[in-house]
1. List every residue pair whose Cβ atoms sit under 9 Å apart, with the two residues 6 or more apart in sequence or on different chains, where the first one lies in the range 78-99 and is within 22 Å of M40 (Cα to Cα) and the second, anywhere, is modelled with pLDDT of 95 or more and open to solvent by 80 Å² or more (accessible area, probe 1.4 Å).
2. Please go through the range 42-56 and give me each residue that is open to solvent by 50 Å² or more (accessible area, probe 1.4 Å) and closer than 23 Å to K156 by Cα, ordered by number.
3. How many of the residues making up the range 1-24 are free of Cβ contacts under 8 Å to residues at least 60 places away in the same chain, open to solvent by 40 Å² or more (accessible area, probe 1.4 Å) and in a loop (DSSP other than H, G, I, E, B)?
4. Pull out all pairs, ordered by first then second residue, where Cβ-Cβ is under 8 Å, the residues are six or more apart or on different chains, the first lies in the range 42-68 and is on the phi > 0 side of the Ramachandran plot, and the second is among the aromatic types (F, W, Y) and surrounded by 14 or more Cβ atoms within 10 Å (Cβ to Cβ).
5. Any residue in the range 25-39 that is modelled with pLDDT under 90, part of a helix (DSSP H, G or I), out of contact with any Leu (no Cβ under 7 Å at 6 or more places or on another chain) and of a type in the set (V, I, T)?
6. Can you tell me how many residues in the range 50-103 are assigned to a loop (DSSP other than H, G, I, E, B) and either touching a strand residue (DSSP E or B) at 6+ places or on another chain (Cβ under 7 Å) or at pLDDT below 85 (or both)?
Amino acid sequence: GGTDALILSKLSGLLIKNGRVGMSDHIYMWPAQTSTKAPMYAAFAIGQRWDAGVLLDTDDAGHQAHEKIKDMNLKGYSDETDREFRVFMLGEVAGVKKTDVAIEDLFPDEWFLDCVNRTYGLALKLEDLPQDGSTLIAKRVEIALKQRQGRDLKKKDVIVEMLKEFDTWATISDLPAGTADNAERLFKKVNAAFGVAS
């Protein structure tokens, strides 16, 4: 979605400004809004014969979108363009060691939870979050919020809090631990898949 593209743009800019690898300026990010819409956007890009790919969350919805894209007849695209339509799974390209990975999982769980606590005026701790089911930090927080507060997690509200912190970041050392490495791995793999030198 648009928020994911904003987060990736901010991380890329910060990495490049500090001498690390960010997303090549030869690659344009086009938000698809949700993974359910990603196959439609992929079909459009393929139909236009664009040199394109899609970045999907590593979760059930992302895997379903990946399957739908694989089911498209990509042979004609490959034959005519001499290239493949690329599907990137976020967890794999960023090297995040979780079963499920969304954009907020590029950051440490503690940092995202701090943003949630500031958003809702809470004091949730990691040990308050369920350990079974999804490894997505947002999903675990959502369950804990519902059980403890009877509230729904509104990621857009949390994103506002995240963006406030983004504005304070000037150097790599300002980033939460491990975030720069996760983001750089992602950018390097995407750049390399499009034949762009890092």
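1. F88/K189; M89/H63
2. L55
3. 1
4. Final answer for the pair search is R49/Y77.
5. Within the range 25-39, none of the residues are modelled with pLDDT under 90, part of a helix (DSSP H, G or I), out of contact with any Leu (no Cβ under 7 Å at 6 or more places or on another chain) and of a type in the set (V, I, T).
6. 9
The values are calculated or read from the model by the stated rules, or taken from the named source; none is laboratory data. This one's a predicted model, so the numbers in the text were calculated from it and none came from an experiment. Ideal geometry is used to build each Cβ from the backbone, glycine not excepted, and the neighbour counts take in all protein chains shown. Side chains are part of the model used for accessible areas, which takes the heavy atoms of the whole protein and leaves out ligands, DNA and RNA. Shrake-Rupley method; radii C 1.70, N 1.55, O 1.52, S 1.80 Å.
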